[in-house]
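A short worksheet on the structure shown next.
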Amino acid sequence: MGLLFRRRGGLSAAGQEPPSLRRSVTPPPAIPFVRDLNTPLLKLGPSLGDDWQLRHAFEGVHVTGSTGSGKSSGSGRHLALSYLRAGFGGIVLCAKSEPGEWDVWQEYAEQTGRSAQLIRFDDQGVYRFNFLEYAALTNLDDKGRLITMNLVELIMKMSEAASRGDELQGRAAEQPFWKLAPRELLSHAIDALWAAWGRLKLDEIVQLILTAPRKPEDFTSDKARESSFCLQTLHRAAYEPANPIEPRDLFIVLQYFQHNFATLDPETRSNIVTTMTSQFTPFLKGVMRELFCTETTIVPELTHEGAIIVLDLPVDRFREAGMMAQHLFKYLWQVATLRRDTREAVRPCFCWADEAQNFITPFDMQFQAVARSNRACTVYLTQTVSNYIAMIGGGTPRETTMAFLANFVTKIFHRNDDHATNEMAAEMIGRNLQLRAGSSRGFTAGEGRSRGDNQGWSSGSSSSYGNGGGGSINSGFSGGTNSGVSFNSGFSVGSTLSEQMDFEIQPGAFGYLRSGGPENGLCVEGVWFQAGRRFRANRGRNFLSVAFDQRVR
Ligand SMILES: Nc1ncnc2c1ncn2[C@@H]1O[C@H](COP(=O)(O)OP(=O)(O)O)[C@@H](O)[C@H]1O
Ligand SMILES: [Mg+2]
């Protein structure tokens, strides 16, 4: 059993899975899931054709709104309940501990009869995820050989989680020299450990690097080997490997440690080692080491069987370590989900992140772009686009943010006080010919001299259209009486209707949406926008005003 072993290739072919994986990864009780892409998940308005369907879920959802605008208890709640009812599996990332996602999702699961599939991955429970071991087992080629570079990339991603801005702008891809050297070292360390012991643990990588000899002569000394984990590993890889290594690969690994790394200038060597090991520190001690460097009792593939895994290691409590842990799990989940065999309709799966600014990565764009065909999706909630702009930084953060957001076809805008978000929302929804009305009134009275009586009415209208797509219609009415010698009164009423290209929704209007709570009758308002959609209830426009009842169950 064990979900991993049902996949094509990889694990079962190699037959090298550590017993811990086979023994303890238990799939949740099976429940059915919706398959038809036209299945309605939410009813958005009175018109029949305005349902929000399974196909739309796969296109991704992005929610913005100020703190307290009703993201979580409004649209978030409606979406989550509908996903769980439809049998989705998924992962839930956790930024805040108060209120914690676990409590929220526990309630969602109860409401939808999904409690048996809800998994809490936290620092108190039974679950362990040796991500390197998992990554090794899912990165074997057809002959069962380790695809080392994929593991190196994964480890580099951990460190990138700490320097997020660089990564989002693609700067990490430039690979400056100081990043290449640790990559090389990592790659050889992984090959040696995998060959020698048939297992991979982050702390053993560090131990190997820290005990690597500084003199080429040590490689032939039995005494040196006694105190060096690195030498013991290399010796075993050469003479009694758990996973036989190609002689050519072994030669390169030995050459590297004996003639390159051992003879490196001490300062350079120390720089490389520090660059690498300092990034791993949060994972090498205490509960994080226990969770991520020991055995494996949870794998991302459980979500494909219906599990909802709450990664309850909130960033505000576990800081860097919580962030790295969740980034890792999320990335491995994304890769695992894209790897699914989709010849049959597979279970819909989601990645859910409130306070999403903590978790966005460039890989999200790649993931969401192909998620539809893999029946997977992303739901991100954040207060403002300014959060992303600040996180992304660099020369064109606004454009990068727009490009990022373009990957989510459905966007829900709740009340917002942030100007940048409101402007972006107004721009996305777009402009159209808008009628603007104006009016004027006047009254005059006075005394004067006039001869004879005089009475009259006049009315008139005029219209004009300009090339810019705007136009105006003016109509006016005026009347007056003038009698006697010394009395004169008059009034005028005018109204103007002008047609001009303008925002469908003015940026400022997002500041007035209702945000739930008793004072709003437990109603949260939002603007539901879907690029390319034509909502019947809004004259074929691509957006709809939607009210979410916070009491929904
Ligand atoms: N279940 C609920 N019933 C009534 N009011 C609620 C409920 N949940 C949240 N609220 C209130 O509704 C408003 C929106 O809350 P919330 O959805 O948490 O906003 P956000 O997630 O955007 O920060 C807040 O005023 C909050 O106090
Ligand atoms: Mg919230």
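Here are the numbers for this structure:
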| item | result |
| --- | --- |
| Set Lys71/Lys411; Lys96/Lys179; Lys43/Lys411; Lys201/Lys223; Lys96/Lys285 screened for pairs whose C-alpha atoms are more than 21 Å apart | Lys96/Lys179; Lys201/Lys223; Lys96/Lys285 |
| Added length on full extension, which subtracts the Cα-Cα distance from 0.36 nm per residue, Met501 to Arg214 | 96.1 nm |
| Efficiency of FRET between Ser97 and Cys523 - r from beta-carbon atoms, R0 45 angstrom, step 0.05 | 0.95 |
| Distance between modelled label sites at His235 and Arg551, nm, 7 Å Cα→Cβ extension | 7.5 |
| Per-residue ³J(HN,Hα) for region 323-328, Karplus 6.51 cos²θ - 1.76 cosθ + 1.60, θ = phi - 60°, Hz, x for Gly and Pro | 5, 4, 4, 6, 4, 4 |
| For region 301-448: rounded, prolate or oblate by the Cα gyration tensor [a/c cutoff 1.5] | prolate |
| Simple spin-label estimate for Leu433 and Thr39 in nanometres, 7 Å along Cα-Cβ | 4.3 |
| FRET efficiency for Glu320 and Asp123, using Cβ-Cβ distance with R0 set to 25 Å, rounded to 0.05 | 0.95 |
| Equivalent ellipsoid semi-axes - Cα gyration tensor, region 131-288, angstrom | 25, 19, 15 |
| Calculated from backbone phi, Karplus (6.51, -1.76, 1.60) coupling profile of region 265-279 in Hz, x at Gly/Pro | 3, x, 5, 4, 4, 5, 4, 4, 5, 5, 3, 7, 5, 5, 6 |
| Accessible area per residue, Å², region 131-288 with all protein chains present, probe 1.4 Å | 46 |
| Contour minus Cα-Cα distance for Arg339 and Leu254 (0.36 nm per residue) | 27.2 nm |
| Largest to smallest accessible area among Met324, Met365 [probe 1.4 Å] | Met365, Met324 |
| Gain on full stretching of the segment that runs from Lys143 to Asp51 - 0.36 nm per residue minus C-alpha separation | 28.3 nm |
| Cα convex hull volume per residue for region 70-147 (Å³) | 149 |
| Ordering of 229-242, 347-360 by packing [mean C-beta count within 10 Å, highest first] | 347-360, 229-242 |
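The values are calculated or read from the model by the stated rules, or taken from the named source; none is laboratory data. Since the structure is predicted, the reported quantities are computational estimates derived from the model, not experimental observations. Note that we place each Cβ from the backbone using ideal geometry, even for glycine, and neighbour counts take in every protein chain shown. These accessible areas exclude ligands, DNA and RNA; they are computed on the full protein's heavy atoms, side chains included. Shrake-Rupley method; radii C 1.70, N 1.55, O 1.52, S 1.80 Å.
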